[in-house]
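For reference, the structure discussed in these notes is given below.
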Amino acid sequence: MSEAITSVLEENRSFEPPAGHQGYIPSLAAYEALKARFSDDFDGTWGDLAGQHLLWREPFTRVLNREKAPFFHWFEGGMLNVSENCLDRHVAAGLGKRTAIVWEGEAGQVRRISYTELLADVCRAANAMRELGIKAGDRVVIYMPMIPEAAVAMLACSRIGAIHSVVFGAFSSLALRDRIEDAGARLVITADGGSRRGAVYALKPNVDEALSEGCHTVRHVLLVRHGGNEVPTVPGRDIDWHQALNVQPAECEPLAVESEHPLFILYTSGSTGKPKGILHTTAGYLLWSRLTMCWSFDFNPAEDLFWCTADIGWITGHTYSVYGPLCCGGTTLMYEGVPTWPDAGRIWKICEDHAVSIFYTAPTAIRALIKAGDEWPAKYDLSSLRVLGTVGEPINPEAWMWYYRVIGKEKLPIVDTWWQTETGGHMIAPLPFATPTKPGSATLPLPGIDAAVVDEFGHTVIGDGGLLVLRQPWPSMLRGIWGDEKRYVDTYWRKFGSRYYFAGDGARIDEDGYFWIMGRVDDVLNVSGHRLGTMEIESALVSHHQVAEAAVVGRPDELKGEGICAFVVLKGEFTEGLAAALRAHVVSQIGAIARPDDIRFANSLPKTRSGKIMRRLLRDIAAGREITDDISTLEDQTVIEQLQQRV
Ligand code: WTA
């Protein structure tokens, strides 16, 4: 962090929002007016919005309790239920026939699930879970492909007050075991397998493997038959999802819970080895899911078809594939499969076939689509699109321009949204029909969000790079790290005390007040929009019997944003095929997303006199850049040459 944060990006282009459509927030003046309302009466404005946008069983009596900061309590005294807000209230409003979820499988199968049907499924699943002994506050791990049953499982948990923890389906059995154990889950919901590149991959065996050791809290596994692949089952423990649901009534009274009742835990990477379980609660999270759908996407539930390409294993999938669109009563599209299967036109074919109107994806996907060539989007009718979003990593201006020109035909707003697992929803993003955009900038903080860029001492910095902070709490903020209060305080609220939330990103504010996010300032990598801790990968490497020490750094990668480079010191001699074996080992420990792109070996790692690994030096070596560090104090100078060699 002592390294200066500098930005080399010079970007002067600016684009006016499209004219001729009245957006949810229609103008910059309306944005300013809403911001002013927050400045005048922060609590009152949040309270008004929560009252208008959510269905309450009991009204809240206090908007924000800061007494135990940084443990903030929102909407105290209020009682509500998330699934009731996402389903029952729309059915009660006569929208039962509206499609809630459109699902497309990789082979082209399509399912449309109406609000009435989704409500019935969620009730059946909730009843089935209750029959398995799941009560409010119990943890349920969901390890599934992108299928509607995953959303049903999430909503069913919320219906009975159970806490879900979705684990991305590409995580290995060991990563799954860690998360099950940390959460103390009672139930795992999974599927036999899913589709990928025209074949079925098995998922359930990973659950068996995970449960083969430890995981003593797990009583049952609910198994969705989806892939059609044969999988072993454990009698008494494993229960067929469809059979269990079929015998249940399609009604289940939603359990009203307190505003701060935990809704879910989602594990994400930090700068230490162990992933942290980010805790989100009920009312604040749901409110912000819904508001940001309206504000950042101009979502119109009666007309739009919203497609967020993120897997539900990530926060983006939670907030913008499931809770956001459903809380608004709109239609969300889920696609199970590889976006470039059977060819690079698949995404655009889906947009045409279903008349997608709001499309939300990651820069890494955009870069892959650019590489595939402009002829692919040219084959399809993309005229239904009206808003284009991006999330997950800084978008390079050229990728932004391609999105704007080739997909948006220079008519659609590009909504670059900065946020994190911890923030629950968008923090900095343009309002599509109000905010002028600049390629590569997430533009301005949303109303109610007090973002700033500060130096090490917390003083505001304008023009230069600094640390991104949030100076006021917000409703969808994380409420803690599961089982580790101290780590929550240390990670986010130590640097600037409980005054400012420390996001871990570097950023710059330009003369127009626009935010330019420059990437992580901690030991977190962003590989294809996925967050990975360098320590996590290092621990995986060191758990291999031939590895004595390892250091992992990121290096620029044209497609993935960041690639993974590992520097390894061996216990014994180098053996043939070791690099491949270490890659495979990391995959088995964490999952394929953590596979190192490059592994280099040396007798030792370069360290400072105080014994700290010289990471900046390693980053320069990994990127093939000139070395700027002073290396004269290194005991073994030949180490640098060794590390510069590719295997
Ligand atoms: C990065 C994903 C630049 C950032 C929602 C953040 C971004 C981390 C953007 C969170 C963006 C996300 N521009 N960087 N629009 N969006 N990031 O928790 O470094 O998976 O801290 O949440 O992704 O990743 P996470």
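The values are calculated or read from the model by the stated rules, or taken from the named source; none is laboratory data. Keep in mind the model is a prediction, meaning the values are calculated, not measured. No Cβ is skipped: glycine too gets one built from the backbone with ideal geometry, and neighbour counts run over all protein chains shown. These area figures cover heavy atoms from the full protein model, side chains too; ligands, DNA and RNA do not enter into them. Shrake-Rupley method; radii C 1.70, N 1.55, O 1.52, S 1.80 Å.
Give me the distance in nm between label points sitting 7 Å out from Cα along the Cα-to-Cβ direction at Q546 and H459, one decimal. With each label placed 7 Å out from Cα toward Cβ, I get 5.3 nm.
Surface analysis of region 528-644 yields an accessible area of 46 Å² per residue, using protein heavy atoms and a 1.4 Å probe. Accessible surface calculations at 1.4 Å, restricted to protein heavy atoms, place region 45-288 at 36 Å² per residue.
Taking Lys and Arg as +1 and Asp and Glu as -1, the other residues whose beta-carbon sits under 12 Å from that of S195 total -2.
Tell me the net charge near R646. Cut-off is 9 Å between Cβ atoms, R646 excluded, with +1 for each Lys or Arg and -1 for each Asp or Glu. The partial results should precede the final answer.
Numbers: positive: R600; negative: D598.
Around R646, the charge tally is 0.
Take R625, project a point 7 Å from its Cα along the Cβ direction, then tell me which residues of region 579-616 have their backbone nitrogen under 14 Å from it. It comes to 615-616, nothing else. Inter-label distance, A107 to R237: 3.0 nm, where each label sits 7 Å from its Cα along the C-beta direction.
Among DSSP bridges having both ends in the chain, what percentage is antiparallel? Round to the nearest 5. It would help to have the intermediate numbers written out before the result.
Values: 58 of 98 bridges.
Percentage antiparallel, nearest 5: 60.
Computed 3J(HN,Hα) for region 157-164, one whole-Hz value per residue from the Karplus formula 6.51 cos²θ - 1.76 cosθ + 1.60 where θ = phi - 60°, is 4, 5, 5, 10, x, 6, 9, 8, glycine and proline marked x.
Ordering H21, H459 by accessible area with a probe of 1.4 Å, largest first, what comes out? If you can, show how the numbers build up before the last one.
Working: H21 80, H459 110 Å².
In descending accessible area the options line up as H459, H21.
Restriction of the chymotrypsin sites (Phe, Trp or Tyr not before Pro) in region 496-605 to DSSP coil positions whose beta-carbon has at most 16 other beta-carbons within 10 angstrom yields F574.
On a full-extension model of 0.36 nm per residue, what is the gain between A92 and L28, subtracting their alpha-carbon distance, rounded to one decimal in nm?
On the way: separation 64, 0.36 × 64 = 23.04 nm, distance 3.52 nm.
Here the segment from A92 to L28 would lengthen by 19.5 nm.
DSSP loop (so not H, G, I, E, B), at most 16 other Cβ within 10 Å: list which GluC sites (Glu not before Pro) in region 39-126 pass both filters. List each step's numbers first, then the result.
On the way: sites: E67, E76, E84, E104, E106, E117; in loops: E67, E106.
Answer in residue order: E67.
Within the chain, C86, C157, C215, C294, C308, C327, C328, C351, C565 have no other Cys Cβ under 4.7 Å of their Cβ and so lack a disulfide-compatible partner by this rule. Could you pull out the GluC sites (Glu not before Pro) across region 395-480 that fall in loop regions by DSSP (anything but H, G, I, E, B) with no more than 16 other Cβ atoms inside 10 Å? Sparse-neighbourhood loop GluC sites (Glu not before Pro): E410, E456.
Of the accessible area of the chain, with the probe set at 1.4 angstrom, what percent is carbon plus sulfur? Please list the in-between numbers first.
Numbers: 12260 of 24560 Å².
On the chain, the fraction of accessible area on carbon and sulfur atoms equals 50 percent.
Model label sites at E303 and E410, defined 7 Å from Cα along the beta-carbon direction, differ in position by 2.5 nm.
Between G77 and T61, S259, the built amide H atoms are under 5 Å apart, and every one of these is 5 or more places off in sequence or on another chain.
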